[in-house]
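Every read-out reported here was derived from the displayed coordinates using simple, explicitly stated rules and does not represent laboratory data. Since the model is a prediction, treat every value here as computed from it, not as a measurement. Here the Cβ positions follow ideal geometry from the backbone for every residue, glycine too, while neighbour counts run over all protein chains shown.
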Amino acid sequence: MAAPETQGAAARGEEDCESNRSEAGGVSYEDSKDCILEPLSLPESPGGTTALEGSPSVPCIFCEEHFPMDEQDKLLKHMIIEHKMVIADVKLVANFQRYILYWRKRFTEQPITDFCSVIRINSTAPIEEQDNYFLLCDVLPEDRVLREELQKQRLKEILEQQQQERNDNSFHGICMFCNEEFFGNRSVLLNHMAREHAFNIGLPDNIVNCNEFLCTLQKKLDNLQCLYCEKTFRDKNTLKDHMRKKQHRRINPKNREYDRFYVINYLELGKSWEEVQLEDDRELLDHQEDDWSDWEERPDSAVCLFCEKQAETIEKLCVHMEEAHEFDLLKIKSELGLNFYQQVKLVNFIRRQIHQCRCYSCQVKFKSKAELRTHMEETKHTSLLPERKIWDQPEYYFPTYENDILLCTLSDSESDLTAQEQSGNITIISEDTSKLHALKQSSILNQLLLYEGLKN
């Protein structure tokens, strides 16, 4: 089987991991166990995950190891550690088991390099310390076609389920807000909650697995949890007052737990269910009594590199990091002349080291982030960056946290120049156009036209 051989290297690394620390740019076995093998999320991002359905187990693409379907992450970790294999956008694969079985067969027929992009890490280190990882993604036409076929099959199943629910007149449900019972079609209950309680989860024809959806929402309310902000309250009356006063009679658009209940998520690869909320559902409402004029969407906040402090702008965040941690990101950017991509790699490098509770200056590892912060502040190591060749590596193009807002606020050095710097300190004063007739008589253009006329 054409898979990368890693067992020998792993064995050698295990023998040396206690006595030797990796050189700059190298990766030891201890570090490989410590590497980030799954998407991370910063603390402000709410959401949920659901168990996968299907066969009880899925085999590894390269070996005979099997993993339960609901432990998909363990299989992905296994392939990264043992076989240096990464599958891109795995959450968008409609049928994970069939996807794995397909590529398991294909990799026995041709070498892995015929299908995967090769990512070399530690490229500046000696050859024996360099390592190759293999990325399987939909840039490969064959992979793209496979993903689309699996998506089509999943869509067919969902549409059949949706059609069955649309035609089902034996539905029985209870309103979550007034406990009124409804019989017949599911749309009767959904339209009632939209009209009478201003609780609209979308058009009935956009929803699939409606019973499971309503049970999920009811369970949250039974646990005294707000459906929008997902805070928990001490009793039912307090929860009802909160949802009414705060206009929280809606579901949390950032909670991925609800994705599977909207048909739109099965129509196109990577399409978010939040687009459902852009639909005009006012045709369901005979009247709209609620005033949403005071509604304010909570802005996205960037998180500090060293603690959980959040700020709405990079300027505020930089002031915090400088005052609390003596880390001046703007000064480092200026002194090192970092462009946008180098800033991205630096931020991702620091994020990864902090996540692993390791001081990036002295490489000492701690049991908790609190101990690490204390050490770095006492030793002033926050401002002591390692050599550029350690963090300026292609592997740090990939974000440590997939919802890292700080990466979106970074700017290129050239765009930070003021208007005067970009124009060579030339001040341009616009003419006053309020008195157009006088402007025409005194404009310098008249002199230029007269000069051209005399020349001709």
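Note on CYS362 and VAL118: their simple-model spin labels are 4.0 nm apart, each label 7 Å out from Cα toward Cβ. Label positions at ASN132 and CYS215, each projected 7 Å from the Cα along the C-beta direction, are separated by 4.9 nm. The order of the peptides 167-176, 371-380 by mean Cβ neighbours within 10 Å, most packed first, is 371-380, 167-176.
The dipole here belongs to the range 302-407: it is taken about the Cα centre, uses +1 on the Cβ of Lys and Arg and -1 on the Cβ of Asp and Glu, and is about 360 debye.
Projecting the Cα positions of GLN393, LEU406, ALA302 onto the charge dipole of the range 302-407 (unit charges on Cβ atoms of Lys, Arg, Asp and Glu, taken about the Cα centre) puts GLN393 furthest along the positive direction. Extending 7 Å from Cα along the Cβ direction at HIS242 and again at GLU65 yields two label points whose distance is 4.2 nm. With R₀ fixed at 25 Å, the C-beta to C-beta distance from ARG250 to LEU92 puts the FRET efficiency at about 0.45. Each 10 Å bin from 0 upward holds the following percent of the Cα-Cα pairs of the range 93-198: 12, 23, 17, 16, 14, 12, 5, 0.
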